[in-house]
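A short write-up of the structure that comes next.
The values are calculated or read from the model by the stated rules, or taken from the named source; none is laboratory data. All figures in this text were calculated on a predicted structure; none of them were measured in a lab. Cβ sites come from the backbone with ideal geometry, for glycine too, and all protein chains shown count toward neighbours. SASA here: full protein model, heavy atoms, side chains in, ligands and nucleic acids out. Shrake-Rupley method; radii C 1.70, N 1.55, O 1.52, S 1.80 Å.
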Amino acid sequence: MSRERITISIHKDLLKQIDQVIDGTKIRNRSHAIESLASEALCLDQIKDAIVMAGGQDATKNITAIKDSLLRLKKIGLKEVIIAVGFLADKIKKELKNGQDFGLKIDYLEKGEGTGGALLSLKKALKSTFIVVNLDKNIDLDYKTLTDFHKSNSKTATIATDDIKNFNGVYILEPDIFKYIPKGFSMLEEDVFPKLNKDNGLAIFPLI
(Lines give C-alpha, C1' and ligand atoms only; values in the text may rest on other atoms or scores of the structure.)
Protein backbone atom coordinates (compact mmCIF):
# COMPACT_ATOMS: atom_id res chain seq x y z
CA MET A 1 0.00 0.00 0.00
CA SER A 2 1.51 3.35 -1.03
CA ARG A 3 1.74 6.09 1.57
CA GLU A 4 1.78 9.86 1.41
CA ARG A 5 3.38 12.12 3.99
CA ILE A 6 0.97 14.72 5.44
CA THR A 7 1.05 17.37 8.18
CA ILE A 8 -1.89 17.56 10.59
CA SER A 9 -2.75 19.38 13.81
CA ILE A 10 -4.31 17.41 16.68
CA HIS A 11 -5.49 18.59 20.09
CA LYS A 12 -2.93 17.70 22.78
CA ASP A 13 -5.41 15.74 24.89
CA LEU A 14 -6.44 13.66 21.88
CA LEU A 15 -2.80 13.06 20.98
CA LYS A 16 -2.16 11.73 24.49
CA GLN A 17 -4.98 9.20 24.03
CA ILE A 18 -3.58 8.18 20.63
CA ASP A 19 -0.14 7.63 22.18
CA GLN A 20 -1.67 5.29 24.75
CA VAL A 21 -2.45 2.68 22.09
CA ILE A 22 1.21 2.43 21.05
CA ASP A 23 2.63 -0.84 22.43
CA GLY A 24 5.71 -1.23 20.20
CA THR A 25 4.42 -4.48 18.73
CA LYS A 26 0.90 -4.31 17.38
CA ILE A 27 1.06 -0.51 17.12
CA ARG A 28 4.64 0.55 16.45
CA ASN A 29 4.59 4.35 16.59
CA ARG A 30 2.38 7.45 16.50
CA SER A 31 1.90 7.40 12.71
CA HIS A 32 0.94 3.74 12.84
CA ALA A 33 -1.49 4.47 15.68
CA ILE A 34 -3.25 7.24 13.74
CA GLU A 35 -3.43 5.11 10.60
CA SER A 36 -4.77 2.11 12.54
CA LEU A 37 -7.43 4.15 14.35
CA ALA A 38 -8.52 5.85 11.12
CA SER A 39 -8.80 2.51 9.30
CA GLU A 40 -10.85 1.06 12.14
CA ALA A 41 -13.17 4.06 12.24
CA LEU A 42 -13.75 3.87 8.48
CA CYS A 43 -14.08 0.05 8.59
CA LEU A 44 -11.22 -0.23 6.09
CA ASP A 45 -9.59 -3.04 8.06
CA GLN A 46 -12.77 -5.09 8.31
CA ILE A 47 -12.76 -8.55 6.76
CA LYS A 48 -15.37 -8.65 4.02
CA ASP A 49 -15.07 -12.22 2.73
CA ALA A 50 -15.82 -15.49 4.52
CA ILE A 51 -16.01 -19.08 3.34
CA VAL A 52 -17.58 -21.84 5.43
CA MET A 53 -16.54 -25.38 4.54
CA ALA A 54 -19.58 -27.66 4.61
CA GLY A 55 -18.51 -30.53 2.37
CA GLY A 56 -17.64 -34.10 3.19
CA GLN A 57 -19.65 -37.00 4.56
CA ASP A 58 -19.99 -35.44 8.03
CA ALA A 59 -21.25 -32.07 6.82
CA THR A 60 -24.81 -32.50 8.08
CA LYS A 61 -23.52 -33.68 11.48
CA ASN A 62 -21.66 -30.38 11.80
CA ILE A 63 -24.67 -28.19 11.06
CA THR A 64 -24.90 -26.83 14.62
CA ALA A 65 -21.28 -25.65 14.48
CA ILE A 66 -21.90 -24.14 11.04
CA LYS A 67 -24.94 -22.21 12.24
CA ASP A 68 -23.02 -20.91 15.25
CA SER A 69 -20.19 -19.74 12.99
CA LEU A 70 -22.63 -17.83 10.78
CA LEU A 71 -23.90 -15.89 13.80
CA ARG A 72 -20.31 -15.11 14.83
CA LEU A 73 -19.50 -13.90 11.30
CA LYS A 74 -22.53 -11.64 11.38
CA LYS A 75 -21.32 -10.24 14.70
CA ILE A 76 -18.03 -9.00 13.18
CA GLY A 77 -19.83 -7.22 10.35
CA LEU A 78 -20.03 -9.77 7.56
CA LYS A 79 -22.99 -9.38 5.24
CA GLU A 80 -22.35 -12.19 2.75
CA VAL A 81 -20.91 -15.66 3.26
CA ILE A 82 -19.94 -18.39 0.81
CA ILE A 83 -20.80 -21.96 1.85
CA ALA A 84 -18.65 -24.59 0.10
CA VAL A 85 -20.75 -27.74 -0.20
CA GLY A 86 -20.23 -31.28 -1.48
CA PHE A 87 -22.47 -34.23 -2.28
CA LEU A 88 -24.79 -33.33 0.63
CA ALA A 89 -25.43 -29.90 -0.86
CA ASP A 90 -29.22 -30.25 -0.95
CA LYS A 91 -29.43 -31.08 2.77
CA ILE A 92 -27.12 -28.21 3.71
CA LYS A 93 -29.12 -25.76 1.59
CA LYS A 94 -32.33 -26.94 3.20
CA GLU A 95 -30.90 -26.19 6.65
CA LEU A 96 -29.27 -22.82 5.89
CA LYS A 97 -31.45 -21.58 3.02
CA ASN A 98 -30.49 -18.11 1.76
CA GLY A 99 -29.02 -16.98 5.09
CA GLN A 100 -31.91 -14.69 6.07
CA ASP A 101 -32.32 -16.46 9.41
CA PHE A 102 -28.78 -15.38 10.30
CA GLY A 103 -28.98 -11.84 8.94
CA LEU A 104 -26.67 -12.80 6.07
CA LYS A 105 -26.75 -13.47 2.35
CA ILE A 106 -25.50 -16.97 1.57
CA ASP A 107 -24.04 -18.04 -1.76
CA TYR A 108 -23.23 -21.71 -2.36
CA LEU A 109 -20.02 -22.98 -3.94
CA GLU A 110 -20.28 -26.40 -5.56
CA LYS A 111 -16.91 -26.77 -7.28
CA GLY A 112 -13.35 -27.55 -6.37
CA GLU A 113 -12.02 -30.77 -4.92
CA GLY A 114 -11.23 -30.79 -1.21
CA THR A 115 -10.97 -27.76 1.06
CA GLY A 116 -7.94 -26.52 -0.89
CA GLY A 117 -9.57 -27.06 -4.27
CA ALA A 118 -12.73 -25.26 -3.21
CA LEU A 119 -10.72 -22.29 -2.00
CA LEU A 120 -8.58 -22.19 -5.14
CA SER A 121 -11.70 -21.74 -7.26
CA LEU A 122 -12.22 -18.39 -5.48
CA LYS A 123 -8.69 -17.09 -6.12
CA LYS A 124 -9.76 -14.27 -8.46
CA ALA A 125 -12.40 -13.03 -6.01
CA LEU A 126 -10.32 -13.03 -2.82
CA LYS A 127 -7.93 -10.09 -3.00
CA SER A 128 -7.62 -9.16 0.67
CA THR A 129 -7.61 -10.83 4.10
CA PHE A 130 -10.43 -13.37 4.43
CA ILE A 131 -11.77 -15.90 6.90
CA VAL A 132 -12.38 -19.61 6.44
CA VAL A 133 -14.46 -21.66 8.87
CA ASN A 134 -13.85 -25.41 8.91
CA LEU A 135 -15.42 -26.82 12.07
CA ASP A 136 -16.68 -30.19 13.21
CA LYS A 137 -17.87 -28.84 16.57
CA ASN A 138 -18.70 -25.56 18.30
CA ILE A 139 -15.73 -23.65 19.66
CA ASP A 140 -15.98 -20.64 21.97
CA LEU A 141 -14.09 -18.09 19.88
CA ASP A 142 -14.37 -14.34 19.46
CA TYR A 143 -13.69 -13.84 15.74
CA LYS A 144 -12.75 -10.18 16.31
CA THR A 145 -10.03 -11.19 18.78
CA LEU A 146 -8.77 -13.74 16.25
CA THR A 147 -8.58 -11.20 13.42
CA ASP A 148 -6.74 -8.72 15.67
CA PHE A 149 -4.26 -11.46 16.59
CA HIS A 150 -3.72 -12.21 12.90
CA LYS A 151 -3.04 -8.57 12.05
CA SER A 152 -0.41 -8.40 14.77
CA ASN A 153 1.66 -11.39 13.63
CA SER A 154 2.12 -10.68 9.88
CA LYS A 155 1.71 -14.30 8.80
CA THR A 156 0.01 -15.68 5.70
CA ALA A 157 -2.32 -17.77 7.86
CA THR A 158 -3.55 -17.78 11.43
CA ILE A 159 -5.37 -20.87 12.66
CA ALA A 160 -7.58 -21.06 15.73
CA THR A 161 -7.77 -24.74 16.61
CA ASP A 162 -7.68 -27.17 19.50
CA ASP A 163 -6.55 -29.95 17.13
CA ILE A 164 -3.03 -29.21 15.86
CA LYS A 165 -2.86 -32.63 14.19
CA ASN A 166 -5.86 -32.10 11.91
CA PHE A 167 -6.00 -28.27 11.82
CA ASN A 168 -9.81 -28.12 11.99
CA GLY A 169 -10.87 -24.68 13.15
CA VAL A 170 -11.18 -21.08 11.99
CA TYR A 171 -8.56 -19.61 9.66
CA ILE A 172 -7.64 -16.02 8.85
CA LEU A 173 -5.83 -16.06 5.50
CA GLU A 174 -4.00 -13.69 3.20
CA PRO A 175 -4.19 -14.03 -0.63
CA ASP A 176 -0.59 -15.37 -0.55
CA ILE A 177 -2.13 -18.67 0.55
CA PHE A 178 -2.96 -19.42 -3.08
CA LYS A 179 0.74 -19.88 -3.86
CA TYR A 180 0.61 -23.00 -1.71
CA ILE A 181 -2.56 -24.58 -3.12
CA PRO A 182 -1.94 -27.04 -5.98
CA LYS A 183 -4.40 -27.59 -8.81
CA GLY A 184 -6.80 -30.49 -8.51
CA PHE A 185 -7.72 -32.20 -5.27
CA SER A 186 -6.05 -30.78 -2.18
CA MET A 187 -6.75 -30.29 1.49
CA LEU A 188 -5.73 -27.17 3.37
CA GLU A 189 -5.16 -29.23 6.50
CA GLU A 190 -2.91 -31.87 4.90
CA ASP A 191 -1.38 -30.32 1.79
CA VAL A 192 -1.17 -26.57 2.43
CA PHE A 193 -0.72 -25.73 6.11
CA PRO A 194 2.26 -28.08 6.71
CA LYS A 195 4.17 -26.44 3.81
CA LEU A 196 3.21 -22.99 5.05
CA ASN A 197 4.41 -23.89 8.53
CA LYS A 198 7.82 -24.91 7.17
CA ASP A 199 8.09 -21.47 5.54
CA ASN A 200 7.27 -19.77 8.86
CA GLY A 201 4.07 -18.42 7.40
CA LEU A 202 1.67 -19.96 9.91
CA ALA A 203 0.54 -18.74 13.33
CA ILE A 204 -1.54 -20.70 15.82
CA PHE A 205 -4.14 -18.90 17.91
CA PRO A 206 -4.37 -20.74 21.23
CA LEU A 207 -7.77 -22.05 22.28
CA ILE A 208 -8.03 -22.71 26.01
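Computed values, structure above
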item	result
Test for residue 27: is it at pLDDT below 85 and in a loop (DSSP other than H, G, I, E, B)	yes
Residue within segment 40-54 that is exposed (fewer than 12 other Cβ atoms within 10 Å of the Cβ) and at pLDDT 85 or above present	no
Which listed residue, of 68, 58, is farther than 22 Å from residue 144 by Cβ and out of contact with any helix residue (DSSP H, G or I) (no Cβ under 8 Å at 6 or more places or on another chain)	58
Within segment 148-181, tally of residues that are open to solvent by 50 Å² or more (accessible area, probe 1.4 Å), more than 27 Å from residue 27 (Cα to Cα) and not acidic (Asp, Glu)	5
Any hit, segment 133-140, residues being among the hydrophobic types (A, V, I, L, M, F, W, C), part of a strand (DSSP E or B) and in contact with a Lys or Arg (Cβ under 9 Å, 6 or more places away or on another chain)	yes
Residue within segment 98-112 that is farther than 16 Å from residue 73 by Cα, open to solvent by less than 20 Å² (accessible area, probe 1.4 Å) and either at pLDDT 90 or above or over 15 Å from the mean Cα position of the chain (by Cα) (or both) present	yes
Residue 78, sole failed condition from (1) aliphatic (A, V, I, L, M); (2) open to solvent by less than 80 Å² (accessible area, probe 1.4 Å); (3) part of a helix (DSSP H, G or I); (4) modelled with pLDDT of 80 or more	(3)
Which numbered condition residue 150 fails, given (1) assigned to a loop (DSSP other than H, G, I, E, B); (2) in contact with a strand residue (DSSP E or B) (Cβ under 9 Å, 6 or more places away or on another chain)	(1)
Residue count, segment 62-106 (criterion: under 17 Å from residue 135 (Cβ atoms) and among the aromatic types (Phe, Trp, Tyr))	1
